[in-house]
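**Q** I have a structure I would like to understand better, so I am pasting it below and will then ask my questions one at a time.
The values are calculated or read from the model by the stated rules, or taken from the named source; none is laboratory data. These numbers come from a predicted model, not from an experiment. Methodologically, a virtual Cβ is constructed for each residue, glycine included, from the backbone with ideal geometry; neighbour enumeration extends over all protein chains shown.
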Amino acid sequence: MWLEGGIFIVGIIGLGELGELLIRQISPKKQTWGVDIDPRKISSLRKEGFDVGDTIKSDDVYIISVYLTDQVKSVIQQIPLDNNPLIVVESTVLPGTHKWIQDYKRKNEVSFDLVFFPHRYNPDDADHQLFNLHRIMGGESKRAEQRAIEFYSDFMDRKLIHMFPMEVVELSKPLENAYRYYEIAFAEDLRRVCEEKGINYKLLRQAANTKWNIDIKEARTGIGGKCLPKDTALLDNFFDNNLVFRNSIETNMRYENDFVQKSMVRARK
């Protein structure tokens, strides 16, 4: 139920890095509550005055910001749907998740408006936070998209929201991370072969990067973190006849093994 003047209540489900940012930025403008399964996270945010807990309430807008696709599906099954809510998935999910959700709606004869609006932000980078950069959105209907645009326009310029089909939006998010993975894997393999030939990799990278459209990444100790490896593996499985994602994964594995072996040799000296 939309209340008069666009005043509605927002539930943020999943209060990890993304969800915590969302509740901090949305709550000053909207009545907001959050849900998480981590009691430490709940306790910490409650001490700051946020309305958080471990139970999903019945409300107008739900933003899903959990980590795994199975968690997204579980949340969808738990959301009370008596108000015909707007459900926004900001999580990164497996391709085809939108079809699963739509099948769930049909089979259970429930009503809600579904939109995918994958998050983008760069920690410690004020120019690339949740609501001040270009993002993509896709909904199951024009009504769903209009409801989502109306909601997010309270936090960001509408011109920053770009509309695409829902299946494209769903796939674009893991692709962004997989592309970054590929760029780093390229740098890792370049460093490896440079060292084999006795070429100064750092100087070669610096020289190449003077060209305006070249940006060879740093090669450090391997590709860590949660999102880049997870999303690259996701696309490797989805595009079962691909070369680039599979080769990137194998390149990083070889680089990490070489790095560990060289570190062990240096430690023995």
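**Q** Taking the stated definitions as given, is residue 178 closer than 30 Å to residue 98 by Cβ, surrounded by 19 or more Cβ atoms within 10 Å (Cβ to Cβ) and in contact with a helix residue (DSSP H, G or I) (Cβ under 9 Å, 6 or more places away or on another chain)?
**A** In short, yes.
**Q** Let me ask something else. Of everything in the range 199-222 that's of a type outside the set (Lys, Arg) and modelled with pLDDT under 95, which residue is farthest from residue 256 (Cα to Cα)?
**A** 218
**Q** Out of everything in the range 208-247 that is surrounded by 11 or more Cβ atoms within 10 Å (Cβ to Cβ) and among the polar types (S, T, N, Q), what residue ends up being farthest from residue 181 (Cα to Cα)?
**A** Taking the candidates together, the pick is 209.
**Q** Going through the range 105-134 one residue at a time, which ones are hydroxyl-bearing (Ser, Thr, Tyr) and surrounded by 14 or more Cβ atoms within 10 Å (Cβ to Cβ)?
**A** Pass one, the range 105-134, residues hydroxyl-bearing (Ser, Thr, Tyr): 111, 121.
Across the range 105-134, the qualifying residue is only 121.
**Q** To continue, here is another question. Test of understanding: among 88, 10, 72, which residue is modelled with pLDDT of 90 or more, over 18 Å from residue 155 (Cβ atoms) and crowded, with 20+ Cβ neighbours inside 10 Å? I'd like the intermediate steps shown before the answer.
**A** Numbers: 88 fails: over 18 Å from residue 155 (Cβ atoms); 10 fails: over 18 Å from residue 155 (Cβ atoms).
The match here is 72.
**Q** Please indicate, with yes or no, whether at least one residue in the range 157-165 is in contact (Cβ under 8 Å) with a residue 24 or more places away in the chain, assigned to a helix (DSSP H, G or I) and not assigned by TED's automatic domain parsing to the domain that holds residue 244.
**A** First, pick out the residues of the range 157-165 that are in contact (Cβ under 8 Å) with a residue 24 or more places away in the chain: 160-165.
From what is left, the residues that are assigned to a helix (DSSP H, G or I) are 160.
Now drop any that are not not assigned by TED's automatic domain parsing to the domain that holds residue 244, which leaves 160.
Checked against the condition, which is being in contact (Cβ under 8 Å) with a residue 24 or more places away in the chain, assigned to a helix (DSSP H, G or I) and not assigned by TED's automatic domain parsing to the domain that holds residue 244, the range 157-165 yields at least one hit.
**Q** Just give me the residues in the range 105-122 being under 17 Å from residue 24 (Cβ atoms) and free of Cβ contacts under 8 Å to residues at least 12 places away in the same chain, in sequence order. Outline the logic, then answer.
**A** To start, the set of residues in the range 105-122 that are under 17 Å from residue 24 (Cβ atoms) comprises 119-122.
Once the filter is applied, which keeps residues that are under 17 Å from residue 24 (Cβ atoms) and free of Cβ contacts under 8 Å to residues at least 12 places away in the same chain, the range 105-122 yields only 122.
**Q** Do the conditions hold for residue 196, that is, is it at pLDDT below 95 and assigned to a helix (DSSP H, G or I)? Show your work before the answer.
**A** On the way: at pLDDT below 95: yes; assigned to a helix (DSSP H, G or I): yes.
Yes, satisfied.
**Q** Given 94, 175, 114, which one is at pLDDT 95 or above and farther than 25 Å from residue 60 by Cβ? Let's see the steps before the verdict.
**A** Numbers: 94 fails: at pLDDT 95 or above; 114 fails: farther than 25 Å from residue 60 by Cβ.
Answer to the check: 175.
**Q** Between a residue in the range 223-239 that is in the same structural domain as residue 259 (by TED's automatic domain parsing) and any residue that is of a type in the set (Asp, Glu), which pairs come within a Cβ distance under 9 Å, given they are 6 or more apart or on different chains?
**A** Here the result reads 223/188; 223/256; 231/176, each pair linking the range 223-239 to a residue that is of a type in the set (Asp, Glu).
**Q** Output the residue which, of all residues in the range 135-156 that are in a helix (DSSP H, G or I) and in contact (Cβ under 8 Å) with a residue 60 or more places away in the chain, is surrounded by the fewest Cβ atoms within 10 Å (Cβ to Cβ). Even if it seems obvious, please write down each step before you answer.
**A** Keep residues of the range 135-156 that are in a helix (DSSP H, G or I), which gives 142-152.
Imposing the further condition that a residue be in contact (Cβ under 8 Å) with a residue 60 or more places away in the chain reduces the set to 147-148, 150-151.
Values: 147: 22, 148: 24, 150: 14, 151: 22.
So, considering only residues that are in a helix (DSSP H, G or I) and in contact (Cβ under 8 Å) with a residue 60 or more places away in the chain, the one surrounded by the fewest Cβ atoms within 10 Å (Cβ to Cβ) is 150.
**Q** Taking the range 30-49, which residues are surrounded by fewer than 19 Cβ atoms within 10 Å (Cβ to Cβ), in contact with a strand residue (DSSP E or B) (Cβ under 7 Å, 6 or more places away or on another chain) and without any contact (Cβ under 8 Å) to a residue 60 or more places away in the chain? Please lay out each step first, then the result.
**A** Restricting attention to the range 30-49, the residues satisfying the condition of being surrounded by fewer than 19 Cβ atoms within 10 Å (Cβ to Cβ) are 30-31, 37-44, 46-49.
Next, only the ones that are in contact with a strand residue (DSSP E or B) (Cβ under 7 Å, 6 or more places away or on another chain) stay: 30-31, 42, 46.
The answer is 31, 42, 46.
**Q** Please determine whether any residue of the range 171-179 is closer than 27 Å to residue 72 by Cα, polar (S, T, N, Q) and in contact with a strand residue (DSSP E or B) (Cβ under 9 Å, 6 or more places away or on another chain).
**A** Our first condition is that a residue be closer than 27 Å to residue 72 by Cα; within the range 171-179, this holds for 171-179.
Now restrict to residues that are polar (S, T, N, Q): 172, 177.
Retained after the next criterion (residues that are in contact with a strand residue (DSSP E or B) (Cβ under 9 Å, 6 or more places away or on another chain)): 172.
Yes, some residue in the range 171-179 is closer than 27 Å to residue 72 by Cα, polar (S, T, N, Q) and in contact with a strand residue (DSSP E or B) (Cβ under 9 Å, 6 or more places away or on another chain).
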